[in-house]
Amino acid sequence: MVVENHVPLQALNTFGIAARAHRLARIRSEEDVRALMRHPDWRPQEVFILGGGSNIVITGDLRQLVLKVEIPGRRLLREDERGWLVEAGAGERWHAFVDWTLTQGWPGLENLALIPGTVGAAPVQNIGAYGVELQDRFHSLDAIDLETGELLTLQHEHCAFGYRDSVFKHGRAGARAMGLKGRALITRVRFWLPRRWRPQLGYQDLERKVAETGITAPSPRQVFDWVCEIRRAKLPDPAVIGNAGSFFKNPSVTAEQCADIIGRDPKVVHYPMPDGTVKLAAGWLIDACGWKGKTVGHAGVYEKQALVLVNRGDAEHPCTGGEVMTLARLIQTSVYERFGIRLEPEPVVV
Ligand code: EPU
């Protein structure tokens, strides 16, 4: 394994932001990590772990040693009368992995079709779409502790999954003192896919597909195709327009706060949660503030989904991470002024 110097990152982040990594190593196996760790210059605190680059905003050249995770492999570990235990290397493309599981006849991941990025990055933000989250199918994962070199196996309960959140998004300071951010490099992820399968069609866009087609008992592959169609219609393809998916999390408010907002804006899209809080559609809030389709510098708000910020630059003048963050702050300010809600960015800003 070689450590490359001054590596252009534009093709390694889906926003297409131009920046460089001072040093970058492509990790193809656990042994590659250990080889780096044996080097006298190894500083675990000065490492940045990069997967598919689909959930990051790069605001300048990266001085850390970038570990680009490219560990391959996918296999069936166990099959019994209850279901299938499937494992994938952290460097596998998420969507290709989902597609492969369905081809093998193992359903369960179809609602998560077409999400950009890698298998190893999926647990970090607990990816979710159309009523299913990664944590609903997650079994366990392997990771290397970058401080000790130890191979860790983490079960569901060790990962502290939440809405677009996990133990891998938090450092060791603060409330989640056990955070593994920057410390655990995920190498392999395992999924439990039960034989007893029912289509998850509760999300409005999928209900609409059922109504339009009259197919009330779709196959897993049918649900996969629907999810791909819905995403293609709403979300920009990062290969064509640079973006990092949803830029803000959907905020939670109390029932009282929500009632107050409904009093002023009866159309606000809101979802009551089991714990009594209410989740609001951040895309709707941003849209209501008039941001859809707007451009500031070379960063813009996607015209079909206000929750997605996009790169409006070109090859000569690509959008910078600074421009994205400027636009993000302007949006946060107007949503706060109108609704009293602070939107929290979803991607990792580095
Ligand atoms: N809406 C608007 N205007 C907009 C955007 C949305 O009025 O510009 C309204 C929609 O009409 C809808 C509601 O807001 O009533 C919710 O919109 P949508 O169904 O598109 O979902 P979302 O809440 O905006 C979330 C996830 C997506 C995921 C979809 C489907 C977050 C931050 N985003 O988006 O995840 O694909 O639900 O489950 O939770 C991602 O994380 O990158 C991502 C794309």
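Remark: the chain carries a charge dipole of roughly 80 debye about the Cα centre, counting +1 on each Lys and Arg Cβ and -1 on each Asp and Glu Cβ.
At a Förster distance of 35 Å, what's the computed FRET efficiency of R264 paired with Q204, Cβ-Cβ distance as r, to 0.05? Once the sixth-power term is evaluated, E becomes 0.90. The trypsin sites (Lys or Arg not before Pro) of region 20-57 that DSSP puts in a loop, and whose beta carbon has at most 12 other beta carbons within 10 Å, are R38. Magnitude of the charge dipole for region 3-69, about its Cα centre and with charges confined to Cβ atoms of Lys, Arg (+1) and Asp, Glu (-1), is about 40 debye. Computed from backbone phi with θ = phi - 60° and the Karplus coefficients 6.51, -1.76 and 1.60, the 3J(HN,Hα) list for region 181-198 is 4, x, 9, 9, 9, 6, 10, 9, 10, 10, 10, 9, 10, x, 5, 6, 10, 10 Hz; x is used for glycine and proline. Using a probe of 1.4 angstrom and keeping all protein chains present, the accessible surface of region 198-329 works out to 51 square angstrom per residue. In region 74-194, inverting the average of 1/r over every pair of distinct C-alpha atoms gives 14.6 Å as the Kirkwood radius.
Residues whose amide H lies under 5 Å from that of R74, counting only those 5 or more places away or on a different chain, are G89; hydrogens are built 1.01 Å from N in the peptide plane.
By accessible area, using a 1.4 Å probe on protein heavy atoms only, region 243-349 has 54% of its surface on carbon and sulfur. In order along region 294-304, the Karplus-derived 3J(HN,Hα) couplings, from 6.51 cos²θ - 1.76 cosθ + 1.60 at θ = phi - 60°, round to 6, 10, 10, x, 10, 10, x, 10, 4, 6, 9 Hz, and Gly and Pro are given as x. A cut-off of 5 Å between modelled amide H atoms, ignoring neighbours fewer than 5 places along the same chain, links V310 with G300, V301, Y302. Quick note on the chain: its Rg to Rh ratio, both from C-alpha atoms and Rh being the Kirkwood radius, is 0.96. For trypsin sites (Lys or Arg not before Pro), the sites in region 258-336 that DSSP calls loop and that have at most 13 other Cβ atoms within 10 Å are K267, K304. Once backbone amide H atoms are built at 1.01 Å from N, L50 has L67, K68, V69 as its partners under 5 Å, excluding neighbours fewer than 5 places away on the same chain.
For the set K68/K209; K169/K292; K181/K267, the pairs lying more than 31 angstrom apart at their alpha carbons are K68/K209; K181/K267.
Considering only V335, V189, V69, the mean-square fluctuation computed in a Gaussian network model of the chain, springs between alpha carbons under 10 angstrom, is largest for V335. Residue-wise HN-Hα couplings along region 11-20, as the Karplus relation 6.51 cos²θ - 1.76 cosθ + 1.60 with θ = phi - 60° gives them from phi, are 7, 9, 9, 5, 6, x, 7, 7, 7, 10 Hz; Gly and Pro carry x. Scanning the chain for GluC sites (Glu not before Pro) in DSSP loops with at most 13 neighbouring Cβ atoms within 10 Å leaves 151-302 as the longest stretch between them.
Annotation: per residue accessible area for region 74-194 equals 39 Å², rounded to a whole number [probe 1.4 Å, protein chains only]. Between D61, D145, D265, the residue with the greatest mean-square fluctuation in the GNM of the chain (Cα pairs under 10 Å linked by springs) is D265. Ranking of I58, I241 by solvent-accessible surface, largest first: I241, I58 (1.4 Å probe, protein heavy atoms only, all chains present). When the alpha-carbon atoms of region 174-290 are used, the pair Rg, Dmax equals 18.8, 51 angstrom. Surface exposure of region 3-69, expressed per residue as accessible area with a 1.4 Å probe, stands at 47 Å². In summary, region 3-69 shows an alpha-carbon radius of gyration equal to 1.08 times the 2.2 N^0.38 Å reference for compact globular proteins.
The values are calculated or read from the model by the stated rules, or taken from the named source; none is laboratory data. Just so it is clear, the structure is predicted and the values come from calculations on it, not from any experiment. Here the Cβ is made from the backbone with ideal geometry for all residues, glycine too, and neighbour counts use every protein chain on show. Remember, those area values only see protein heavy atoms, side chains included, never the ligands or the DNA or RNA. Shrake-Rupley method; radii C 1.70, N 1.55, O 1.52, S 1.80 Å.
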